[in-house]
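Student: The structure that follows is given in the form of structure tokens.
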Amino acid sequence: MPIRPILDAETAARNMAEIEPKYSPQEAVVEANRCLFCFDAPCIKACPTGIDIPAFIKKISTRNLTGSARTILESNILGGSCARVCPTSVLCEGACVMLDRDQQPIKIGRLQRYATDHVFENDLQVLHPPKQKSGKRVALIGGGPASMGCAAELALLGHEAVIFEKKPEAGGLNTYGIAYYKLTPEMSLQEVELIKQLGVEFRTGVEVGKDVSVSELEKEFDAIFVGVGLGHTYRLDIPGEKLPEVQEALAFIEEFHVNPLHEVAVGKRVAVIGCGNTAIDAVTQAKRLGAEQAVIIYRRGPADMPAYVYEYDLAKRDGAEFIFHAVPVEVLEQDGHVAGLKLARSSVDDQGKLTVDESDTYELPFDMVIKALGQEKMTDMLNNLLPDLELNPNGTIKTDANGQTNIPHVFAGGDGANGGAEVVNAVGEGKKAARGIHRLFTQEDIEGPIQWTRMGVVDDKPLGSGLDNPVRVKEDAKAFV
Ligand code: SF4
């Protein structure tokens, strides 16, 4: 049977609401006051964008939310979305010294969300690029987190940045590919607007290699940043894979971001193949959209699953089921539609070697199959765009510590270079590449957050200090001499 939407609009919206409600002002201050404001804080080192966490928490404790948000955003322009999607338990919160005292870590992610929401809810502009521009222009290919992190940093360093994105909206996975209850497209697009306020230009609906060539970009721009991410989900390569109810996980998730929730078709019995974080997003969303049964099918055991433990717990809480040591060998069909999966039992030996016993199979009924097997590298696309670009043996873009590739004016970062990591890693790599590009232009090294005393501030825009007293600083033109 073809699959259809299951829930009405109200129920779908309720099921897809954010998991953790926003802190109240009292809750935020109480939580902020638990922080020890450590010297040489390990939580800062654990953050790929190096946010000064004790500083932003201290500002929340003194109710200086604007200053707090500025501290976050000057290190991580996507601090709002990262507050929602970062695996904080293995990054900043996992490094919090409170754990050594057998206490709960400071809820850094929730505090970060509290501070950054203040900026978006009140439409504040807390970052201001310098009035004096360098005259240098950078083209960024792909409009996802890496390019946005790079472009924002370039703008704050006084360089012109233009992002080329083939989709109708920028934001990449933040806009199209993360579970709705974690991050809505509206939140992602607010961050796009924030970056536009810095002077970054977005040319959406423009595909590099089709609508504009790299050689045209090279004539118009002084440097190029490649932030293209990854490609299609790996194929199952089994009979029945082309049936209409077999979907890629990211395509399924994207449907929530471009269509009303209650119009997204979902099966009543859904199988998700794979056990990474995208698989968890897919299975939980299927369940929240009304699937009676949503099952993760994974070829190895629980100890080997790539998903974070808290994601696994979340899926279990949502009622998802898990079948381990099973490999799909056929998508079963009835009248041209998915009717189930034929699974072979698998095992893993002490060395981690997987064995599939295709003589030992069983069948389970499903009406939808979602593939979450990881994504292919964009090797062919990169070879076509930049034939001289050096790639690693695994197909990722080879860069040095500054994000510079073997082509001196071409830099790269994000999933296309790291093979697939978190949003915060992409932002951090984009920022690092921006500083590499700045060094290429000026021979100047930038360490730590860009200093506001160096950046200058528009006269009518007060900077928050430790309190909410307006402090004005003079523009210092030395940065661009
Ligand atoms: Fe606060 Fe924990 Fe960071 Fe220390 S490690 S500054 S207690 S959040």
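The values are calculated or read from the model by the stated rules, or taken from the named source; none is laboratory data. Bear in mind the structure is a predicted one, so any value in this text is a computation, not a measurement. Reconstructed Cβ throughout: ideal geometry from the backbone, glycine too, with neighbour counts over all protein chains shown. We work out accessible area using only protein heavy atoms, side chains counted, and drop any ligands, DNA or RNA first. Shrake-Rupley method; radii C 1.70, N 1.55, O 1.52, S 1.80 Å.
Student: Can you send over the carbon and sulfur percentage of the accessible area for the chain, probe radius 1.4 Å, protein chains only?
Tutor: Working: 10220 of 21080 Å².
It is 48 percent, rounded to a whole number.
Student: Using a/c under 1.5 as the rounded threshold, could you call the stretch 246-371 rounded, prolate or oblate? The axes a ≥ b ≥ c are square roots of the C-alpha gyration tensor eigenvalues, and prolate needs a/b larger than b/c, oblate otherwise. Write down the numbers at each step before the final one.
Tutor: Numbers: a/c = 2.25, a/b = 1.31, b/c = 1.72.
Oblate is the answer for the stretch 246-371, as a/c is 1.5 or above yet b/c matches or exceeds a/b.
Student: Please list 368-374, 301-307 highest first by mean number of surrounding beta-carbon atoms within 10 Å per residue.
Tutor: The densest-packed peptide leads the list: 368-374, 301-307.
Student: Sort 136-142, 126-132 for me by packing, meaning the mean count of neighbouring Cβ atoms within 10 Å per residue, highest on top.
Tutor: Result, highest mean Cβ count within 10 Å first: 136-142, 126-132.
Student: Now a separate question. What percent antiparallel are the DSSP beta bridges of the stretch 246-371, to the nearest 5?
Tutor: Taking every DSSP beta bridge within the stretch 246-371, about 50 percent pair in antiparallel fashion.
Student: Calculate how many DSSP beta bridges within the chain are antiparallel, expressed in % of all such bridges and rounded to the nearest 5. Could the numbers behind the result be given before it?
Tutor: Working: 23 of 56 bridges.
Of those bridges, close to 40 percent are antiparallel.
Student: Then there's this: Using a 1.4 Å probe, what is the accessible area per residue for the chain, in Å²?
Tutor: Ligands and nucleic acids excluded, the figure is 44 Å² per residue.
Student: Also: Between the stretch 369-413 and the stretch 41-110, how many Å separate their Cα centres?
Tutor: With the stretch 369-413 and the stretch 41-110 each reduced to a Cα centre, they are spaced 31 Å.
Student: Still on this structure: Mind pulling the per residue volume of the convex hull built on the Cα atoms of the chain? Å³ is fine.
Tutor: Numbers: hull volume 76.0 nm³, N = 481.
It is 158 Å³ per residue.
Student: Shifting gears a bit: Would you mind checking Lys166/Lys353; Lys107/Lys432; Lys316/Lys431; Lys167/Lys371; Lys242/Lys398 for any pair whose Cα atoms are more than 30 angstrom apart?
Tutor: Cα-Cα > 30 Å for Lys166/Lys353; Lys316/Lys431; Lys242/Lys398; rest within.
Student: Listed highest first by mean packing, meaning other Cβ atoms within 10 Å per residue, what order do 342-353, 258-269 come in?
Tutor: The packing order, highest mean first, is 258-269, 342-353.
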